[in-house]
Structure formats: C-alpha cells, structure tokens
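The values are calculated or read from the model by the stated rules, or taken from the named source; none is laboratory data. Bear in mind the structure is a predicted one, so any value in this text is a computation, not a measurement. Ideal geometry is used to build each Cβ from the backbone, glycine not excepted, and the neighbour counts take in all protein chains shown.
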Amino acid sequence: MPVSNRVQRAGQAAYLAAGSGLVALVMIALFFTVGQPFGTLNDAALLVMTLAIAPVMLGFYELGGRTPIGPARVSLAGGIAAVLVWSIVQAVMIGGVVTFDYDHGATGWFAVEAVSLIVIGAWLTGASTLAGPWLRPLLRWLGVVSGLGFIVFAVGLLLGGVDHPLTYLGGVGYQLLFPVWAYLLGRALARRATPT
C-alpha cells in the first residue's frame, strides 16, 4: 500500500477517533445525569475511539520523525499491542464476561486495561514529541498533553478508581483534549495525503 494511502487512512481513523471520543463524552455526561444505557454506550464509544488509534499510529510511523527505525518499530508494535489488549478487555467487559470495580483502585482486568492506557499515552506523548517537521507545533503539544492525560487518568484508576483526583485531572486530556487533537490531526493528515 502506498504511503499516501496509509496516511489517508490514518487521517480517516483520526476523524473516527475524534467523533467517537465526542460521542463518549456526551454519553458519560448522560450516564451521570440519566443512568443506563448511556454508561454502556460510553464504553462502546471509547472502544471505537481506542481501536481507531492503531491506524493513526501507523500513519505517524509512515511520516517519520527523529527516532531511529529500530526504536520506532518497537514503539509502533508496543502501541498497537496496547490498543489491542485494551480493546479486547473493553469488549469482554461490555459483553459482561468480566466486571470492573470502579470505586477502588484498579485490579485484575481493570488494571490490565489501565496499564494498556499508560502504554497508549506513552506512545502518544513520545510520537508527538519526536514526530518530524510534518507535525505542526500546536498538534505536537496538544498530542503531548493528551498523551499525558491518558497516563495520569490510568494512574488515577490504579490508585483509587474513578473518583481519584488524578482520574479527573487525566480525564481532561483523555476525554476532552484527545478528541480535539484527533480532529485536528485528521485534517492535517488529509492535507498530507492529498496530492498537490
């Protein structure tokens, strides 16, 4: 597949991540005001958002950066593996196969999901920092802050569950800034993939 096709698909995936992230934000607000089924719909929207990150990772890899090829491949493989692990755990949780205790520090499968979010956030922070000149400064720093949001959110889940202060703080980057970053990245990637 030509690089421009991969970049175009990464742009489409970024739009999908942005849209599903926005849906997740609306659904979680409705869950806290109305209740179910909006919690489950939030979980499903987050699953779509997270799955869409994998093609974005591939687009970053294709466009290159300041990282040697070996570490870049390890980072890509680790990031995609984390997306897949998080998504599988999320899907089985939505299906009722496993349950999470949101009121206490994450353990079991919930902890696996939280650690996967840390890896995804680390990829997002590192990839945004080390991307080549194709990534504009606003997108670079918004990506770093969003990635740190993933990490802080997950650390809060591990330490104390959804009511931990770090979960709220990280949630700003994870559920508010990330969809904005993904939308702006989608626009930037669409321009890059369009022949001039």
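Structure above, values below:
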| read-out | value |
| --- | --- |
| Residue 127 being of a type in the set (A, V, I, L, M, F, W, C), within 25 Å of residue 56 (Cα to Cα) and at pLDDT below 95 | yes |
| Cross-chain or 6+ apart pairs with Cβ under 7 Å, segment 102-125 first and under 20 Å from residue 146 (Cα atoms), then not in a helix (DSSP H, G or I) | 114/106 |
| Options 190, 182; residue that is surrounded by fewer than 22 Cβ atoms within 10 Å (Cβ to Cβ) and touching a residue at least 60 places away in the same chain (Cβ under 8 Å) | 190 |
| Selection count, segment 133-152, where residues are touching a residue at least 40 places away in the same chain (Cβ under 8 Å) and buried (at least 24 other Cβ atoms within 10 Å of the Cβ) | 1 |
| Residue 135 vs. criteria in contact with a Ser or Thr (Cβ under 9 Å, 6 or more places away or on another chain) and in a loop (DSSP other than H, G, I, E, B) | yes |
| Filtered residue count, segment 119-132, keeping only those that are in contact with a Phe, Trp or Tyr (Cβ under 7 Å, 6 or more places away or on another chain) and part of a helix (DSSP H, G or I) | 4 |
| Residue match in segment 153-164 (condition: in contact with a Leu (Cβ under 8 Å, 6 or more places away or on another chain), surrounded by 23 or more Cβ atoms within 10 Å (Cβ to Cβ), in contact (Cβ under 8 Å) with a residue 12 or more places away in the chain and not in a helix (DSSP H, G or I)) | no |
| Any hit, segment 76-92, residues being under 12 Å from the mean Cα position of the chain (by Cα) and loosely packed, with under 15 Cβ neighbours inside 10 Å | yes |
| Qualifying positions in segment 48-75 - loosely packed, with under 15 Cβ neighbours inside 10 Å and either within 14 Å of residue 16 (Cβ to Cβ) or without any contact (Cβ under 8 Å) to a residue 40 or more places away in the chain (or both) | 68, 69, 70, 71, 73, 74 |
| Some residue of segment 16-35 being touching a Ser or Thr at 6+ places or on another chain (Cβ under 6 Å) and surrounded by fewer than 18 Cβ atoms within 10 Å (Cβ to Cβ) | no |
| Top-ranked residue of segment 83-106 - restricted to ones that are among the small types (Gly, Ala, Ser) and touching a helix residue (DSSP H, G or I) at 6+ places or on another chain (Cβ under 8 Å), ranked as nearest to residue 55 (Cα to Cα) | 87 |
